[in-house]
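A short write-up of the structure that comes next.
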Amino acid sequence: SKAKLFDQNTDVKTSFKDVAGLEGAKEEVQEIVDFLKQPEKYTSLGGKIPKGALLVGPPGTGKTLLAKAVAGEAKVPFFSLSGSDFVEMFVGVGASRVRDLFKQAKEKSPSIIFIDEIDAIGRARGKNNFSGSNDERENTLNQLLTEMDGFGTNTNVIVVAATNRADVLDKALMRAGRFDRQIYVDLPDVRERKEIFEVHLRPLKKVAEELDTEFLAKQTPGFSGADIANVCNEAALIAARKGNKAVGKQDFLDAVDRIVGGLEKKNKIIT
Ligand code: ATP
């Protein structure tokens, strides 16, 4: 079977309304939306529009969601691929895939390229990665750098990449004119968790009226947005299994217990 080269979405429905909390990060990416919508306004005095931004933060905190919302807000096509897909790639495929991706994105510009888990491609060069495919990874990284350097001033393609390991990235990626902007996407605090609950309660058909999202937020310290989305979904399934007419407080608490159990298991494997 032939792996898909990359994903392309020309009609992104995600908007900033779907991203709860993350006020600072949203403010920073709003600038990217403006660059994509009105490039002339920004280049009129000779300034150059940035080519790349790096979203840095723990897993499940909404980096992919935020990048997609930028495309949705700017109404531009969203091209995406994941760095981890490169790990099992045959020799020569990585670089040509990057080349194709940029070619397509330029043809459809203004557009966004999103590279998830960029650390899989962008680890510092010349270090062992034990996978035996170092050359292939380096070729892919070099192609990425070449493509970004080759952007003309009016290319109007912005590359957004995400990682939870900014410390392992090759410094060449962060050089001026590449991913020179870093935007932090942290785990949500209690107030943000309340907002994330509110977003993810929306699609649930029936939620008991007394449901207190502030209480739920207090019950879920350390949870990411993805964990909270998971809790809401589990709660709906738990309530449905019981044959209940609405999703209630106890269903959420049971769902939280289940997710906490899952997180503990995951952490046991790591330590
Ligand atoms: P990873 O590093 O694992 O790729 P990520 O930071 O890219 O994770 P997303 O894939 O964007 O995280 O988040 C997964 C899901 O979690 C989202 O599709 C969304 O349902 C939910 N989610 C995460 N953060 C938020 C948020 N701030 N507001 C609303 N939903 C969120």
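The values are calculated or read from the model by the stated rules, or taken from the named source; none is laboratory data. Keep in mind that this is a model prediction, so the values were computed, not measured. Every residue, glycine among them, receives a Cβ derived from its backbone with ideal geometry; neighbour counts consider all protein chains shown.
Just one of the numbered conditions (1) of a type in the set (Asp, Glu); (2) closer than 24 Å to Asp149 by Cβ; (3) modelled with pLDDT of 90 or more is not true of Glu27: (2). With the checklist (1) modelled with pLDDT of 95 or more; (2) under 30 Å from Ile49 (Cα atoms) in hand, flag the one item Ala229 doesn't pass. (2) is the only condition that Ala229 fails.
Whether a residue is at pLDDT 95 or above, farther than 19 Å from Glu192 by Cβ, buried (at least 19 other Cβ atoms within 10 Å of the Cβ) and in contact with a Pro (Cβ under 9 Å, 6 or more places away or on another chain) was assessed, and Val12 does not pass this test.
Looking at Arg125, Arg137 in this structure, which one is surrounded by fewer than 16 Cβ atoms within 10 Å (Cβ to Cβ), in contact with a Lys or Arg (Cβ under 9 Å, 6 or more places away or on another chain) and at pLDDT below 95? One residue alone meets the criteria, Arg125.
Let's see how each residue does on (1) outside any loop (DSSP other than H, G, I, E, B); (2) within 16 Å of the ligand (Cβ to nearest atom); (3) more than 23 Å from Gly225 (Cβ to Cβ); (4) out of contact with any Cys (no Cβ under 7 Å at 6 or more places or on another chain):
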{"site": "Asn142", "(1), (2), (3), (4)": "yes, no, yes, yes"}
{"site": "Glu147", "(1), (2), (3), (4)": "yes, no, yes, yes"}
{"site": "Gly152", "(1), (2), (3), (4)": "no, no, yes, yes"}
{"site": "Ala161", "(1), (2), (3), (4)": "yes, yes, no, yes"}
{"site": "Asp167", "(1), (2), (3), (4)": "yes, yes, no, yes"}
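Within segment 90-122, the set of residues being of a type in the set (D, E, K, R) and more than 16 Å from the ligand (Cβ to nearest atom) comprises Arg97, Arg99, Asp100, Lys103, Lys106, Glu107, Lys108.
Residues are listed down the side, and each one gets a yes or a no for (1) over 17 Å from Lys75 (Cα atoms); (2) at pLDDT below 95:
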{"residue": "Gln38", "(1), (2)": "no, yes"}
{"residue": "Gly47", "(1), (2)": "yes, yes"}
{"residue": "Lys51", "(1), (2)": "yes, yes"}
{"residue": "Pro58", "(1), (2)": "yes, no"}
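Number of residues in segment 60-71 that are surrounded by fewer than 23 Cβ atoms within 10 Å (Cβ to Cβ) and either at pLDDT below 95 or out of contact with any helix residue (DSSP H, G or I) (no Cβ under 7 Å at 6 or more places or on another chain) (or both) equals 1. When the residues of segment 12-68 are filtered to those that are near the ligand (Cβ under 7 Å from one of its atoms) and of a type in the set (Gly, Ala, Ser), the one that is nearest to the chain's Cα centre (by Cα) is Gly62. Among residues of segment 220-240 that are closer than 17 Å to Lys266 by Cβ and surrounded by 19 or more Cβ atoms within 10 Å (Cβ to Cβ), those with a Cβ under 7 angstrom from a residue that is at pLDDT 95 or above and among the basic types (Lys, Arg), sequence gap 6+ or separate chain, pair up as Thr220/Arg193; Phe223/Arg193; Ile228/Arg193.
Ser82 meets all of the listed conditions (1) surrounded by fewer than 19 Cβ atoms within 10 Å (Cβ to Cβ); (2) modelled with pLDDT of 90 or more; (3) under 12 Å from the mean Cα position of the chain (by Cα) but one, namely (2).
Looking at the structure I just gave you, is Ile158 within 26 Å of Val76 (Cβ to Cβ) and in contact with an Asp or Glu (Cβ under 6 Å, 6 or more places away or on another chain)?
The answer is no for Ile158.
For segment 219-235, the candidate set comprises residues that are under 13 Å from Glu198 (Cα atoms) and aliphatic (A, V, I, L, M); within that set, the residue that is farthest from the ligand (Cβ to nearest atom) is Val231. Restricting the search to helices (runs of 4 or more DSSP H) fully inside segment 172-248 and requiring at least 1 residues that are of a type in the set (S, T, N, Q) gives 213-218, 225-241.
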